Amino acid sequence: MNRSRVIVVQIGLLVFSAVMAFSQEDPESVSAMLGPRGEGLIIARCAVCHSADLITQQRLSRTRWEATIEKMKHWGAEISDQEADLLIRYLSARYHPNAPANVPPLSHEIGKSEPLKQEPQAQRPVIGVAARGAGVFEHNCQACHGGGAMGGMGPRLAKNPILKLDVLFRETVLYGRGPMPAWSSVLSEQDIADVHEWLLTR
Amino acid sequence: MKGSGELAKFSRRRWLKTLLGFGAGLAMHPAKFLAWAADMTPARDESTLTVRVSRPFDAETPVRAFTSFLTPNDHFFVRSHFGPPSAETIGESQWTLHVGGAVERSNEFTMESLKQFEPVTITAVLQCSGNGRAYHRPKAPGVQWERGAVGNAQWTGVRLRDVLQAAGVRAEARHVMFQGADRPVVATVPLFVRSIPLEKALHPDTLLAYEMNGRPLPLLHGAPLRVITPGWMAESCIKWLTHIEVREDEASGYFMQTAYRVPVKSEQKDTGRTDNATAPVEVMPVKSLISSPEDGQAVMAGGVRIKGVAWAGETRIAKVEISIDEGNTWQTAQLVGDDRLYAWRQWQFLWQATVQGTFAIVCRATDERGHVQPAATSWNPSGFLWNGWDRVTVRVHPHE
């Protein structure tokens, strides 16, 4: 083997290992990067039925996290494909089989959860579309506020006085109030306006 | 519910606390809520129970409570899939028990009419199939129970056999299905429905229990009525019972056909699913626990009294052994106290701790059919039926 060939092989190896290093997701940086959104999703999508401590005590491989998310979707958890992908990456980076028994609470590392990246804020108010709001309500709000917004674990929203107070309504959805969690990492301004518009028709 | 006194007080305090915790949790910022959730895992209740899941409420008994033969109701482990049902469905004036399916006459009982059958009291161990799941490797998904999702109580009720015979079991009947009044938050989640083979249902020791340790069944333990299948794992012991259906086949649905099953052959895979044939979890395998000294405890050199309990499903305990050298040599413990089928057997051993240092005390039990508690239980995808040797580590200090 001549010298130039050796160099080519060496460069090849170097590039290969660089690519491998780049594609290997380091669990800690992945969990720190996805944490803010992942936490918001856990509260909005999972904690409807069970507290988050059931999740944080697991130490599972990616395959088993995938199977778990699939099972929960099958049972009616309102998780979109994109959200499922993020949750699987986050959970398998943070709660993997070799993670320590006591994973430190995330809030110490990141401070606050990240709101959903909103569409560029228009100067004029967002116009709600009732027909779209019905679907948004069904996927996000119905588990607690009941079918047709007639109430359930959460208060009845049909004909609820809060519908007349646009700002209070929006802020309650975004930041939560009392037992209601914050939805800022899941619902967009448009989603909130659409739900509001639909609720006014109830 | 007439369950006044300390039991009801316990339930109210516990529920108030759980509900308050939940409400406060949701009002928090998500990150703070998760931090709070992480703090709760595995949080220690100040006196009675170790909380594993705050909603629906799952909690286990600290093993030091197992120095008593009967586990008090307010120390007894709690497990359900959906939490207790609303008061409207199980209140004394609304609750009924419906018996139907492959029977000659469908029946509807009130608590008063049910109590016309002969009352029976049985002392039996109740244990979650997932007890000890935290010790399986690789880790299995589910509540990470350690040693205390088990207890021994006195159950009073009527024989399921008497209730079924009053309805007239038809010739084609093979299984008996149970359903409780508890419901999932989201209607798309399958109901917790289970069945047991007719043979177990007609066994004179299988009960529909309305009392626990001489008190009305507490809400968290299935008020007003639950099934007790002595010697079998607790998922057959349906709480808040409202419906019994006699059937030709096993109950359908997730909790009978997918969950609470183990591979017929053992396997070592981490795939989350199994291709092998599975069977429902039924009889409890032989198992023992050390209740004293506690793990990590410091003891004085000299005679150290080691205490614990052992149980073995539908048979009795023949022997409990102790090892101080990781199972190389074993010494036989003394079986003490009540000896009843289905209950656990207490045992004790006087260890002459002459050398100071740190020691692991290990115990294993053998049942009357010759089954010996293994060092570690063979792995299964759901982490069920853990019955590996129990172990506590103690530090022996020299005498003053």
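Points worth noting:
- Test: residue in region B:153-175 that is at pLDDT 95 or above, touching an Asp or Glu at 6+ places or on another chain (Cβ under 6 Å), surrounded by fewer than 19 Cβ atoms within 10 Å (Cβ to Cβ) and on the phi > 0 side of the Ramachandran plot: yes
- Qualifying residue in region B:311-329 (condition: loosely packed, with under 13 Cβ neighbours inside 10 Å and more than 26 Å from residue B:399 (Cα to Cα)): yes
- Residue A:197 under 12 Å from residue A:127 (Cα atoms) and open to solvent by 20 Å² or more (accessible area, probe 1.4 Å): yes
- Evaluation of residue B:338 against the conditions (1) touching a residue at least 24 places away in the same chain (Cβ under 8 Å); (2) over 20 Å from residue B:126 (Cα atoms); (3) assigned to a loop (DSSP other than H, G, I, E, B) shows that the sole unmet condition is (2).
- Of all the listed residues (B:356, B:352, B:334), the sole one being surrounded by fewer than 16 Cβ atoms within 10 Å (Cβ to Cβ) and in contact with a Gly (Cβ under 9 Å, 6 or more places away or on another chain) is B:352.
- Count of residues meeting criterion [assigned to a loop (DSSP other than H, G, I, E, B) and touching a helix residue (DSSP H, G or I) at 6+ places or on another chain (Cβ under 9 Å)] in region A:132-158: 9
- Annotation note: Cβ proximity below 8 Å between a residue of region B:216-232 that is closer than 15 Å to residue B:121 by Cβ and not assigned by TED's automatic domain parsing to the domain that holds residue B:76 and a residue that is of a type outside the set (Lys, Arg) and assigned to a strand (DSSP E or B) (sequence gap 6+ or interchain) occurs for no pair.
- Enumerated strands (runs of 3 or more DSSP E) restricted to region B:185-285, each holding at least 2 residues that are open to solvent by less than 40 Å² (accessible area, probe 1.4 Å), modelled with pLDDT of 95 or more and more than 27 Å from residue B:138 (Cβ to Cβ): B:193-197, B:207-212, B:226-228, B:241-247
- Scanning region A:34-61 for residues that are of a type in the set (Gly, Ala, Ser), in contact with a Ser or Thr (Cβ under 8 Å, 6 or more places away or on another chain) and at the interface with chain B (Cβ under 7 Å from one of its Cβ atoms), we see that the one that is most open to solvent (accessible area, probe 1.4 Å) is A:61.
- From the list B:396, B:392, B:372, B:355, the one residue that fits, being at pLDDT below 95 and of a type in the set (Val, Ile, Thr), is B:355.
The values are calculated or read from the model by the stated rules, or taken from the named source; none is laboratory data. Values in this document were obtained by computation on a predicted structure and should not be read as measured data. Positions of Cβ are backbone-derived with ideal geometry, glycine not excepted, and every protein chain shown enters the neighbour counts. In case anyone asks, the SASA skips ligands and DNA or RNA and just uses the protein heavy atoms, side chains included. Shrake-Rupley method; radii C 1.70, N 1.55, O 1.52, S 1.80 Å.
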